[in-house]
Each structure stands twice: as C-alpha cells, then as structure tokens.
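Asks: Before anything else, here's the structure in question.
The values are calculated or read from the model by the stated rules, or taken from the named source; none is laboratory data. Treat the numbers as computed from the prediction; the structure is a model and nothing was measured. Cβ placement follows ideal geometry from the backbone for every residue including glycine, while neighbour counts extend to all protein chains displayed.
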Amino acid sequence: MPVAIITGASKGLGRALAEALAARGWDLVLDARTAQVLDEASAAVSAYGTRVRALPGDVTDAGHRAELVAAAWQLGGVDLLVNNASALGAEPLVRLDTLPLEGLRRALEVNVVAALGLVQEALPLLRASEAGAVLSVSSDAAAEAYETWGGYGASKAALDHLTAVLSEEEPTLRVWAVDPGDMATDLYTAAVPEDDDPRPAPASVVPAFLRLLDERPASGRYAAPELLEVTR
C-alpha cells in the first residue's frame, strides 16, 4: 500500500485528506501538536482499516521530523509528503506595522523552514518511490495582497517558491503547491474571528487534491477551485 505523511492532520484539511486517502487504502503517518485531538483523528482514520501512525509533536523540531519519516519507513516508505501544518504569525491577524517579529519568525519556521526540513528528511524515500510526490498547502494570500495577511502570505509565498525550485531540482518527483481556497477551518477563525460568513467544509476541496494524485499533472502551483471546476 502507498504511504503518506500528513502534517497538521488532527483537523481541518489535514484530517479530511487523511480520511480520503485511508478510504483509498493508503497507510498514513499523521502529525499534529495536540495529542488528544490527533488521537481522535487517528481513531477515525483507522476505522477505514488502514495502518495509521499518529505522532504528536511540533514540525519545527528536527527530532520530530525524523520520527515521522522513520514511522513511514516502517510502513514501507514515503510515496506522498503533505506539508499542511501552518502558523499564522498572529491570532487574530494584524497589520504589518504591529505584526510581532517573533510571530513572523514562527510563521516562517512552521510554514517554510520545517516544510523544507521534512522534505530533506524524506527525500531518500521519496526518490525510491515509483510515484513520489510532495504536496505543499499554499494560500491565495501568497499571491494576492490582503490587509493583515502580510506575514502569513509572505511565508506561503516563500513556500511556493521553495516548491517551484524543488520541482526543478527533483524532476523525477511530482512537486505541487496547492491553494485550497476558502475553507471553514479553525485556522481561518483564529485569523479573522469576526468574519462569520459561511465557508465550504475542508472535505469539499479534497477531490481537487485527489485529482492531482490520480492524474499526476506536471509539478507546479495549482488552485483547488480550478481543479474542482474541471471535474464537475
């Protein structure tokens, strides 16, 4: 069975994608910072009959990243790495003139540095896979200028560029950055708590990610809403 590592997998898009892959028979290594919530997600994913290893921890910890890859190796390797864990930099979001520099550093550490660190750790197994792929969850804030989204958007823009360079350096892999579009997640609520407009559930955009895995288009940046439009 193929094996995927998914960070930030206890809820939101990470959990929805984990459940979708488990339903397809994937074995999974799941990461999140809160052990209790991750255990609940792991139990739900395990109900599909797949093998699941749930490892609570912080992706900025090199030892934790090594544990994730080691767990995947024990399951058979790494066929897919999903960099989904994210940090906002400030909760709620604030303008750049008041953005705490420590918050910006945290966003860069989680969204960029840790993502690259996990890629580096997993690369030997990804290269050995017949269908190795890296999927990094981006944001429209990486490409558009929205007030208060500067720190988070800058970190996701850096992740996009890192992903693009990785695709050039690793031509045998598929390397995708995906903007999932608007979703009803705890991350968005923390970012803009006063915005109560209804948004799609994370599960609604998962078919876009599955389409990438099924069709394996060229490495690059994709927007989930556009992938969904093609499939309808």
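Asks: Can you pull out the residues in segment 186-232 that are at positive phi and either touching a strand residue (DSSP E or B) at 6+ places or on another chain (Cβ under 6 Å) or modelled with pLDDT under 95 (or both)?
Replies: Start the filter on segment 186-232 by keeping residues that are at positive phi, which leaves 216, 220.
Passing the criteria: only R216.
Asks: Which one of the conditions (1) in contact with a Ser or Thr (Cβ under 6 Å, 6 or more places away or on another chain); (2) over 25 Å from R24 (Cβ atoms) does V175 fail to meet, given that it meets all the rest?
Replies: (2)
Asks: Cβ-Cβ distance below 7 Å, separation of 6 or more or different chains: which pairs start in segment 205-222 with a residue that is buried (at least 16 other Cβ atoms within 10 Å of the Cβ) and end on one that is among the acidic types (D, E) and in a helix (DSSP H, G or I)?
Replies: R221/D160
Asks: Something else about it: Which residue pairs have Cβ atoms under 8 Å apart, sit 6 or more places apart or on different chains, and have a first residue in segment 41-64 that is more than 30 Å from L108 (Cβ to Cβ) and a second that is part of a loop (DSSP other than H, G, I, E, B) and of a type in the set (A, V, I, L, M, F, W, C)?
Replies: The qualifying pairs are T50/M1; T50/W26; R51/M1.
Asks: Return the total of residues in segment 70-84 being of a type in the set (S, T, N, Q) and touching a helix residue (DSSP H, G or I) at 6+ places or on another chain (Cβ under 7 Å). Outline the logic, then answer.
Replies: So the first thing to find is which residues in segment 70-84 are of a type in the set (S, T, N, Q), and the list is 74, 83-84.
Of the ones still in play, those that are also touching a helix residue (DSSP H, G or I) at 6+ places or on another chain (Cβ under 7 Å) are 83-84.
Of the residues in that region, 2 qualify.
Asks: Something else: Just for segment 57-87: of the residues that are out of contact with any Leu (no Cβ under 7 Å at 6 or more places or on another chain) and closer than 17 Å to L159 by Cβ, which one is surrounded by the fewest Cβ atoms within 10 Å (Cβ to Cβ)?
Replies: Filtering segment 57-87 for residues that are out of contact with any Leu (no Cβ under 7 Å at 6 or more places or on another chain) and closer than 17 Å to L159 by Cβ, the one surrounded by the fewest Cβ atoms within 10 Å (Cβ to Cβ) comes out as T60.
Asks: Still on this structure: Do any helices (runs of 4 or more DSSP H) entirely within segment 125-232 hold 1 or more residues that are under 29 Å from E67 (Cβ atoms), and if so, which?
Replies: Filter on segment 125-232 gives 150-169, 186-191, 206-215.
Asks: Shifting gears a bit: When you go through A22, A43, A18 one by one, which is the residue that is more than 17 Å from the chain's Cα centre (by Cα), assigned to a helix (DSSP H, G or I) and not β-branched (V, I, T)?
Replies: Going through A22, A43, A18 in turn, the sole match is A43.
Asks: A further question on this structure: Which members of segment 174-198 meet the condition of being charged (D, E, K, R) and in contact with a helix residue (DSSP H, G or I) (Cβ under 7 Å, 6 or more places away or on another chain)?
Replies: Scanning segment 174-198 gives D179, D186.
Asks: Being in contact with an Asp or Glu (Cβ under 7 Å, 6 or more places away or on another chain), of a type in the set (G, A, S) and either over 15 Å from S136 (Cβ atoms) or assigned to a strand (DSSP E or B) (or both) is the filter here, so list the residues in segment 1-15 that pass it.
Replies: A4, G12
Asks: OK, next. Determine the pairs where a residue that is closer than 16 Å to T50 by Cα, located within segment 17-37, has a partner that is assigned to a helix (DSSP H, G or I) and among the aromatic types (F, W, Y) with Cβ atoms under 6 Å apart, the partner being 6 or more residues away or on another chain.
Replies: L17/F209
Asks: Related question: Kindly evaluate E109 against the criterion of being at pLDDT 95 or above, in contact with a Ser or Thr (Cβ under 9 Å, 6 or more places away or on another chain) and surrounded by fewer than 22 Cβ atoms within 10 Å (Cβ to Cβ). So that I can check it myself, show each step before the final result.
Replies: Details: at pLDDT 95 or above: yes; in contact with a Ser or Thr (Cβ under 9 Å, 6 or more places away or on another chain): yes; surrounded by fewer than 22 Cβ atoms within 10 Å (Cβ to Cβ): yes.
Criteria met by E109.
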